[in-house]
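Notes for the one structure printed next.
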Amino acid sequence: MAPPPLLTLRDIHVTFGGRPVFEGVECAIHPGDRICLVGRNGSGKSTLMKVIAGLVEKDDGERFVQPGVTVSYLPQDPTLPEGQTVHDYVHAGLRHEEEYHRVDICLEAMKLDGSRDTATLSGGEGRRAAIARAIVSEPDILLLDEPTNHLDLPTIQWLEEELQSFRGAMMMISHDRTFLRKLSRQLLWLDRSKIRRTDRGYEFFDEWVEHVMAEEEKEATRINIQIAEEERYMLKGVTARRKRNMRRVRKLAELRETKANTVKTQGTAKLQLESGKSSGKLVIEATDLCKSFDEKVICKGFSTRVMRGDKIGLIGPNGAGKTTLLKILTGQITPDSGDIRIGTNLSPAYFDQKRNNLPQDVTCWDYLADTGGDEILVHEQPKHVVTYMRDFLFEERQARQPIHALSGGEKNRLMLAKLLASPTNFLVLDEPTNDLDMETLDLLQEMLAEYDGTLLLVSHDRDFLDRVVTSTIAVEGAGEVEEYPGGYEDYLSQRKAKEEEIASPKAKPASTAKPKEQAKKPKGKLSYKDQRELDMLPSKMEKLGEEKDTLEKEMANPDLFSKNPDKFQKTSDRLTAIQEELDHCEERWLELEMLVEELNG
């Protein structure tokens, strides 16, 4: 006989502002369950988890917890009290004082100094402390809302191992597919205010969704046939007799209502990214970069070349210096030594994971239409604010809401809406995937994969990196920075091979005689003609770029063709010629630079 559930929800109803979040929800958590809770941003996942935790009051229904069962909850955005040490904060999560030793074990695993004040912790450190507090007492039910947000990859991997050995039941909300695939054994899908359950893990989610949607289509087809039959009967009844059969009228109304509820599906975010005018072929050239702050070394001797169309991922532990390196590569921070060259015709756009540029007290409408009015320019075309917000799965009522009322995922979607409205050929994204639902994450991945501009991406989402980037820059800490072709899995395999090669080096020659010191090979240099060409190319490219900008402004005049077609054609031809000449100059400049490197060894 199966053991009774630890916690049960029966016919739960919750409404906010008169709007139902979910209705008639029923679910149970059994011993040993590993449940992942999925659903769209704003569908009520976090609210449902808070109901399970007993932190949100339900409007109707019953929540039953077996006597003696303990529930521990990690919120999506944990707020740590001020004036308390990290040790005391984690210790407050203990159930039994005899387990005091577990506090130090968790702090060591999370790489946290227990003597620090909680007010001094960064976002990632604060989340690690909150996780330590949630798991320190080994509760019967562990509820985790986006536990991997702001965690670095080593900590995520440690957390996965810790949770795999966790003996209690667990429910988790996460956008990290790899995390869910490794840990989940059951799945709850919150869809259109209803809950669906399957006793299979996240690995089978897509297959399950397709099955559910196919069944709904069959049901919708069956209802359509019934409606058609009822309408034919009514038409015949109207012409044959005056008195209608009211029972069939009511039945038709019921069928139409059933159809509306059956085929009603949530929308899909319309993410579109326009790269705008093409940048130069060279986007970033970095040579022997060194940067440190006091004793903390960010990078030493790092070099890379980013070309137009490259998609580069930056990974590494929290605090290793990923964001600093990103700012060095984009010219926002000056390196201590080394050379950095930024390409021409770049129109960059930045996504900040800390949302520092997202005002909390203004409305969504005012944030998007920041110049006033009720329209926003989307790829140079006017679009009504509400219509544009609908493309990103917002409801009309949310347009006048203050931004602080949005969920974490909705705030990220709003920032993406602002970012994607303008053409850009150089995207710099710092942790864009935090709090996004799976559908929006899929669309963002597809959009970036098809994007013909250049991308620099900081992310801890392994699946996202594997699907998007063409190479990975690993910021390992202590100044160690290295670039690997491919995504995260490619990085792991190449790094492992490198470590194995270091651990078992090739056999050295038997002779132990000290070799004679080799004379240094004299460095070569360019011919006078090539050196002069290399010196003149940058100013030539700059002048061509300025002329190109002037001609593009002329071509942007909508009346140019109608008023002066000859000038329009000449301007268009010259613009094409300039672009070809620019491309030739950049290729020649790269050839000469590479020749200089070869001559210098």
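Here are some notes:
- Checking each residue in the range 152-163 for being without any contact (Cβ under 8 Å) to a residue 60 or more places away in the chain and either of a type in the set (Lys, Arg) or closer than 25 Å to VAL475 by Cβ (or both) picks out GLN157, TRP158, LEU159, GLU160, GLU161, GLU162.
Listed here are the residues, each with its yes/no results for (1) over 30 Å from SER459 (Cβ atoms); (2) of a type in the set (A, V, I, L, M).
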{"position": "VAL65", "(1), (2)": "yes, yes"}
{"position": "ILE105", "(1), (2)": "no, yes"}
{"position": "SER115", "(1), (2)": "yes, no"}
{"position": "GLY126", "(1), (2)": "no, no"}
{"position": "ALA134", "(1), (2)": "no, yes"}
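- Filter result for the condition that a residue is closer than 23 Å to SER184 by Cβ, surrounded by 14 or more Cβ atoms within 10 Å (Cβ to Cβ) and in contact with a Leu (Cβ under 6 Å, 6 or more places away or on another chain), over VAL86, VAL38, VAL51, VAL69: VAL69
Residue-wise test of (1) touching a residue at least 60 places away in the same chain (Cβ under 8 Å); (2) surrounded by fewer than 22 Cβ atoms within 10 Å (Cβ to Cβ); (3) in the same structural domain as ASP104 (by TED's automatic domain parsing).
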{"position": "GLU138", "(1), (2), (3)": "no, yes, yes"}
{"position": "LEU143", "(1), (2), (3)": "yes, no, yes"}
{"position": "THR148", "(1), (2), (3)": "yes, no, yes"}
{"position": "SER165", "(1), (2), (3)": "no, yes, yes"}
{"position": "MET172", "(1), (2), (3)": "yes, no, yes"}
{"position": "ARG181", "(1), (2), (3)": "no, yes, yes"}
{"position": "SER184", "(1), (2), (3)": "yes, no, yes"}
{"position": "ARG192", "(1), (2), (3)": "yes, yes, yes"}
{"position": "THR198", "(1), (2), (3)": "no, yes, yes"}
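- Some residue of the range 422-440 being touching a Pro at 6+ places or on another chain (Cβ under 7 Å) and under 21 Å from ASN41 (Cβ atoms): no
- For the range 374-412, a residue qualifies if it is over 16 Å from the mean Cα position of the chain (by Cα), in a loop (DSSP other than H, G, I, E, B) and of a type outside the set (Asp, Glu), and the qualifying residues are HIS379, LEU393, PHE394, GLN401, LEU406.
- Tally of residues being over 25 Å from GLY486 (Cα atoms) and part of a loop (DSSP other than H, G, I, E, B) across the range 413-434: 3
- Qualifying residue in the range 359-367 (condition: in contact with an Asp or Glu (Cβ under 7 Å, 6 or more places away or on another chain), touching a residue at least 12 places away in the same chain (Cβ under 8 Å) and of a type in the set (Ser, Thr, Tyr)): no
- Residue identified as of a type in the set (Phe, Trp, Tyr) and touching a Lys or Arg at 6+ places or on another chain (Cβ under 6 Å) among TYR388, TYR488, TYR451: TYR488
- Failed item in (1) within 31 Å of the chain's Cα centre (by Cα); (2) assigned to a strand (DSSP E or B); (3) under 26 Å from ARG185 (Cβ atoms), with PRO20 passing the rest: (3)
- Unique residue being of a type in the set (Lys, Arg), under 30 Å from ASP206 (Cβ atoms) and either assigned by TED's automatic domain parsing to the domain that holds ARG116 or out of contact with any strand residue (DSSP E or B) (no Cβ under 7 Å at 6 or more places or on another chain) (or both) when the list is ARG63, ARG19: ARG19
- Of all residues in the range 66-92 being in contact with a Phe, Trp or Tyr (Cβ under 8 Å, 6 or more places away or on another chain) and assigned to a loop (DSSP other than H, G, I, E, B), the one that is nearest to MET171 (Cα to Cα): LEU80
- The residues of the range 63-85 that are charged (D, E, K, R) and at pLDDT 90 or above amount to a single one, ARG63.
- Which listed residue, of LYS529, LYS548, LYS540, LYS553, is in a helix (DSSP H, G or I), surrounded by fewer than 10 Cβ atoms within 10 Å (Cβ to Cβ) and at pLDDT 80 or above: LYS553
- Matching residues in the range 136-164 - criterion: being hydroxyl-bearing (Ser, Thr, Tyr) and more than 19 Å from ASP463 (Cβ to Cβ): SER137
- Condition check for MET110: under 28 Å from TYR202 (Cβ atoms), in the same structural domain as ILE156 (by TED's automatic domain parsing) and in contact with a helix residue (DSSP H, G or I) (Cβ under 7 Å, 6 or more places away or on another chain): yes
- Any hit, the range 432-439, residues being free of Cβ contacts under 8 Å to residues at least 24 places away in the same chain, farther than 23 Å from THR323 by Cα and among the aliphatic types (A, V, I, L, M): no
- Any hit, the range 50-57, residues being touching a residue at least 60 places away in the same chain (Cβ under 8 Å) and not basic (Lys, Arg): yes
- Restricting the first member to the range 376-391 and to residues that are surrounded by 17 or more Cβ atoms within 10 Å (Cβ to Cβ) and among the hydroxyl-bearing types (Ser, Thr, Tyr), and the second to residues that are at pLDDT 85 or above and assigned to a strand (DSSP E or B), the beta-carbon pairs closer than 9 Å and six or more apart or on different chains are TYR388/GLU375; TYR388/ILE376.
- Counted as qualifying within the range 291-373 are the strands (runs of 3 or more DSSP E) with 3 or more residues that are surrounded by fewer than 19 Cβ atoms within 10 Å (Cβ to Cβ), namely 296-307, 337-342.
- Test result for THR571, farther than 28 Å from PRO485 by Cα and either in the same structural domain as GLY316 (by TED's automatic domain parsing) or at pLDDT 80 or above (or both): yes
The values are calculated or read from the model by the stated rules, or taken from the named source; none is laboratory data. Being a predicted model, the structure only gives us computed values, none of them experimental. Glycine also receives a Cβ, built like all others from the backbone with ideal geometry; neighbour counts cover every protein chain displayed.
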